[in-house]
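Derivation of every value follows stated rules applied to the coordinates shown; laboratory data play no part. Fair warning: this is a prediction, and the values are worked out from it, not measured in the lab. Neighbour counts run over all protein chains shown; Cβ positions are idealised from the backbone, glycine included.
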Ligand code: GLU
């Protein structure tokens, strides 16, 4: 049966973010005055990014930086380079960063940036020129005390290094703390590269403990095999939870005995995709999401699980390593099915948590060893998980609602105490 004839409705992630805010604000019985102050982005910048391509022609790209909140500290959040980037997507991602930083209780507000481009089709030179021009355009908005970018979808430590260099050249002195997720040789933190996957792994362990599911032998399916998805898969594989299915933007693959994840990571590094990996059969992306398993990890983009496919989800736990992979309507369906959801602002908060550690190390010019980073991360993630679980159990709220209630109430408190200027 062909599905190409039916156009799926486009779900606007910013509308989803606002809907989830309202649900949590209602549950908290939040004052209308406070709502008005914390719901919307504080600052939005839209920039034109002209880049000279290798052929000599100039292509103009659209870029954005959105600062959603600085109530609890400087704003913080990644930069996404992807063909589907829109202003509303960046606004949604910035909003989620605010609640995320509050859930793990680190002293940041939320921000996000993005450039609508396809880095997979650009040379290193083009990518560097794009990055430096975009960094120059958002330069007045960023800085270690203002707003601190980091990697997100299709941005890398090398790209962070170029942003750090562009900012520093303009200031006249090196400013390590202006971005996180940098290479180690440039003031990056040990453990930052795998922090999102590791944080996700800790929340999965906590969920298994809560639900009495043994991790050893728990079957895992991972949608998206980028930084977060591949590293979460690798940690679960090491814990003897077989990863039976994985997908990226080119292919979905399956092996009922469990995929050899270290070999799969190497294969993807070598060939650029999961397609053709030996000792696995090809399945459809929909089959992956409907996989009969204990743990499903959507680790790609927004709107992976919608009202169209949520009822087919076969997992007991859905761990949102991506931002916004489950729509509000799908949330309700999963909830009715009794699926245990680890919401994005908790599940993938390991990345920004170690970004915070990186910023602290840069500001202090004193660096920690990897074990120190990982054990601090585990402490933060486990505490945040327990804080959210407590609200989930006491208030009989879904895990999504509970996490939003926790994050939003912390931002509301900071806002109330600071008061309204002038
Ligand atoms: N882009 C990541 C996120 O969505 C990390 C942000 C950061 O480290 O600032 O959480």
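Taking a ≥ b ≥ c as the square roots of the eigenvalues of the Cα gyration tensor, the chain is classed as rounded, since a/c falls below 1.5. Sorting 222, 352, 153 by the number of Cβ atoms found within 10 Å of their own Cβ, with the fewest placed first, yields 153, 352, 222.
Over every Cα atom in the range 206-254, the radius of gyration and the widest Cα-Cα span, Dmax, amount to 11.3, 35 Å.
For the range 1-158, list log₁₀ I(q)/I(0) at each q in 0.10, 0.13, 0.20 Å⁻¹, using the Debye formula over Cα point scatterers of equal strength and ignoring solvent, two decimals each. At q = 0.10, 0.13, 0.20 Å⁻¹ the computed log10 ratios are -0.42, -0.66, -1.21. If R0 equals 22 Å, the separation of the Cβ atoms of residue 375 and residue 170 corresponds to a calculated FRET efficiency of about 0.05. Rg/Rh for the range 199-351 (Cα atoms only, Rh after Kirkwood) is 0.93.
Divided by 2.2 N^0.38 Å, where N counts the residues, the Cα radius of gyration of the range 351-422 comes to 1.43. Beta-bridge orientation, the chain: approximately 50 percent antiparallel, per DSSP, counting only bridges with both partners inside. Rg then Dmax, both in Å and based on the Cα atoms of the range 307-369: 16.9, 50. Among 274-285, 64-75, 391-402, the peptide with the highest mean count of other Cβ atoms within 10 Å heads the list, and the full ranking is 64-75, 391-402, 274-285. Under a Gaussian network description of the chain, with springs only between Cα atoms under 10 Å, the residue in 272, 191, 226 that fluctuates furthest is 272. Expressed as a whole percent, the proportion of Cα-Cα pairs in the range 52-111 lying more than 12 Å apart is 66%. The value obtained for the range 176-220, namely the Cα convex hull volume divided by the number of residues, is 89 Å³ per residue.
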